[in-house]
Each structure stands twice: as structure tokens, then as C-alpha cells.
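See structure below.
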Amino acid sequence: MTKIFIEEKAIEQYKKVVGYIGTDWPKAYLLVFWQAFSTPELHDKEYLLVRQNIQINQNLTINQEYECTLQRTEIKQKPHGECWTYTLLFFYEKQVMAICESDLYVR
């Protein structure tokens, strides 16, 4: 597992960049943590992000460390490629706090 720290300052920077005007923090921010992982299976592929889903099971606390994993969890055959699903999980004390799924069309 990879340790991830959700920092208030970084969230505020993200909100400015994306123009977020809500009073809470944008849950899409969790998707930036893909950058903490290597996906060598994608290095020689063309791919397009086609869907993302974020499910918060329990509120995540800002300025706290979480353990995370990123795994390719499904491959579906398509006529001219494949659809790969990646699942990014956020854990705190062994409980799943958030699940972020991303579908990529890969060829």
C-alpha cells in the first residue's frame, strides 16, 4: 500500500485551479492521487478516459494520512480495443473510506 496525505493547502490550490466554488472540498480531488502509482501496462498503449466514479463510504479527514491501492480490476473486450477498469481505494485503519473507479478505453 502507498501512504497518501490529504493536505488542506493542496486542496485549496486544486480548488483554485479547477474553479471550484463549493464550501466543502471537491471529491474529484481524490483522483489526483493516481500520480502516486506506476501503471507500466499503459506505457506503450493509447488510452482514453471514458468514465470515473467516486464513492465516499466515510468522510475523509483533511490533513490526515491514508493508505491507498490502485489496481486494474476488470478488462472488457471491445471491437477495436479493451475497456480497463482501475480501482483506487483509500483506507484508514483497515476500513475502506473511498472508492474511485476509472474506465479507460485502451488499444
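In the condition set (1) exposed (fewer than 15 other Cβ atoms within 10 Å of the Cβ); (2) of a type outside the set (D, E, K, R); (3) part of a strand (DSSP E or B), Y105 is compliant with all but (1).
Contact map, the range 51-78: residues that are touching a residue at least 24 places away in the same chain (Cβ under 8 Å) and part of a strand (DSSP E or B) paired with residues that are surrounded by fewer than 12 Cβ atoms within 10 Å (Cβ to Cβ) and among the aromatic types (F, W, Y), Cβ distance under 9 Å, separation 6+ or inter-chain. Pairs shown: Q64/F5; E65/F5; Y66/F5. Scanning the range 86-102 for residues that are small (G, A, S) and surrounded by fewer than 15 Cβ atoms within 10 Å (Cβ to Cβ) yields no hits at all. If you go through the range 79-95 and pick out every residue that is out of contact with any strand residue (DSSP E or B) (no Cβ under 6 Å at 6 or more places or on another chain) and outside any loop (DSSP other than H, G, I, E, B), you end up with 1.
Counting just the residues of the range 34-45 that are of a type outside the set (S, T, N, Q) and outside any helix (DSSP H, G or I), which one comes out farthest from V106 (Cα to Cα)?
Filtering first and then ranking leaves F37.
Scanning the range 1-33 for residues that are touching a residue at least 40 places away in the same chain (Cβ under 8 Å), in a loop (DSSP other than H, G, I, E, B) and either among the aromatic types (F, W, Y) or within 14 Å of L89 (Cα to Cα) (or both) yields a single hit, M1. If you go through the range 83-106 and keep only what is out of contact with any Cys (no Cβ under 6 Å at 6 or more places or on another chain) and farther than 14 Å from L49 by Cβ, you end up with T87, L89, F91, Y92, E93, K94, Q95, V96, M97, A98, I99.
State yes or no: is Q35 exposed (fewer than 12 other Cβ atoms within 10 Å of the Cβ), at pLDDT 95 or above and out of contact with any Leu (no Cβ under 7 Å at 6 or more places or on another chain)? No; evaluated as a whole, the condition is false for this residue.
So, in the range 51-81, how many residues would count as being aromatic (F, W, Y) and out of contact with any Phe, Trp or Tyr (no Cβ under 9 Å at 6 or more places or on another chain)? First the steps, then the outcome.
Initially, the range 51-81 is screened for residues aromatic (F, W, Y), giving 66.
Next, only the ones that are out of contact with any Phe, Trp or Tyr (no Cβ under 9 Å at 6 or more places or on another chain) stay: none.
Here the count works out to 0.
The values are calculated or read from the model by the stated rules, or taken from the named source; none is laboratory data. Remember, predicted model here, so these are calculated numbers, not experimental data. Cβ sites come from the backbone with ideal geometry, for glycine too, and all protein chains shown count toward neighbours.
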